[in-house]
Amino acid sequence: MRVARLHGARDVRLHDEPMPTPRADQSLVRVTAVGICGSDLHWFREAGIGDAKLNRPLVLGHEFAGITESTGQRVAIDPLIACGVCEYCREGKPNLCAAQRFTGHDAEDGALREYIAWYNDCFFPLPDALSDEDGAMLEPLGIAIHVARLAKLEPGMTVGVFGCGPIGLLLVQVARVSGACNRHRKVGTSHRCGETFRRGNISCRWRRGARDSLGNKTTRR
């Protein structure tokens, strides 16, 4: 199968590798859609993110969907592997698990490959109304929904979203469908202001001199 591995900063190479073999608690999935997250761009630009540094060729990609080979089920896939036994896991908060592992990060290869063996309890069946690309977007959408819940959005609220990246754009839409969108004002780069208005019908303020996700200076368009 074809695999894209990051060997160093701005150095991604295609490889032919053997098919993965699922464990008893895993299934083989044919990857059909993968999103590129801001953290993936950090890995690409800097060969690391935070205290995690590239120490071997790594497969990126944690926003993904696919089809299970055993059942033919289309699924969105949770990239988080929690321990399941710590206090946070027992409280239903696996995102806070101190022993968590994450696909496409550090020691866990991600989804920028044709097939992946992944954990059965991380699969969420996709209805026909959602495409595979929609399924890959559910991971960042979950972040936007979590932010909206923390903000305790209510109908009629005025909401400010600072940052026009994918999460910001998703949050604009979550706020809109929640009814909390009398008026939004976003601060971001020029090339995203049009998307912001189109998706949320809101005002947008452009930050002069900003840089895009690859570190290049943006221009007003």
**Fill in**
The set of residues whose placed amide H lies less than 5 Å from the amide H of Tyr115, leaving out same-chain residues fewer than 5 positions away, is Val31
**Message:** Output wanted: per-residue J couplings in Hz (rounded whole) for the range 168-176, from phi through Karplus 6.51 cos²θ - 1.76 cosθ + 1.60, θ = phi - 60°, x for Gly and Pro.
**Reply:** x, 5, 5, 5, 4, 6, 5, 5, 5
**Request:** Subtract the Cα-Cα distance of Ala107 and Glu46 from 0.36 nm times their separation in residues, and report this length gain in nm to one decimal.
**Result:** 20.3 nm
**Request:** Taking the Cα centre of the range 2-136 as origin, work out the dipole magnitude from +1 charges on Lys and Arg Cβ and -1 charges on Asp and Glu Cβ, in debye rounded to 20.
**Result:** 360
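As a footprinting exposure proxy, order Asp25, Asp51 by other Cβ within 10 Å, with the fewest listed first.
Working: Asp25 9, Asp51 6.
Starting with the residue having the fewest Cβ neighbours, the order is Asp51, Asp25.
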**Under 18 Å from the Ile36 label point (7 Å along Cα→beta-carbon), backbone N, the range 1-21** = 3-15
**Fill in**
In order over the range 128-142: 3J(HN,Hα) from phi, Karplus 6.51/-1.76/1.60, θ = phi - 60°, whole Hz, x for each Gly or Pro, gives 4, 5, 10, 7, 4, 5, 4, x, 5, 7, 5, 5, x, 4, x
**Asked** In nm, what is the difference between 0.36 nm times the number of residues separating Val12 and Asp134 and their Cα-Cα distance?
**Response** 41.4 nm
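Taking 25 Å as R0, compute the FRET efficiency from the Cβ-Cβ separation of Lys93 and Gln26 and round it to 0.05.
E between Lys93 and Gln26, to the nearest 0.05, is 0.60.
FYI, it's all coordinate maths here, none of it is from the lab. Values in this document were obtained by computation on a predicted structure and should not be read as measured data. Here Cβ is always computed from backbone atoms with ideal geometry, including for glycine, and neighbour counts include all displayed protein chains.
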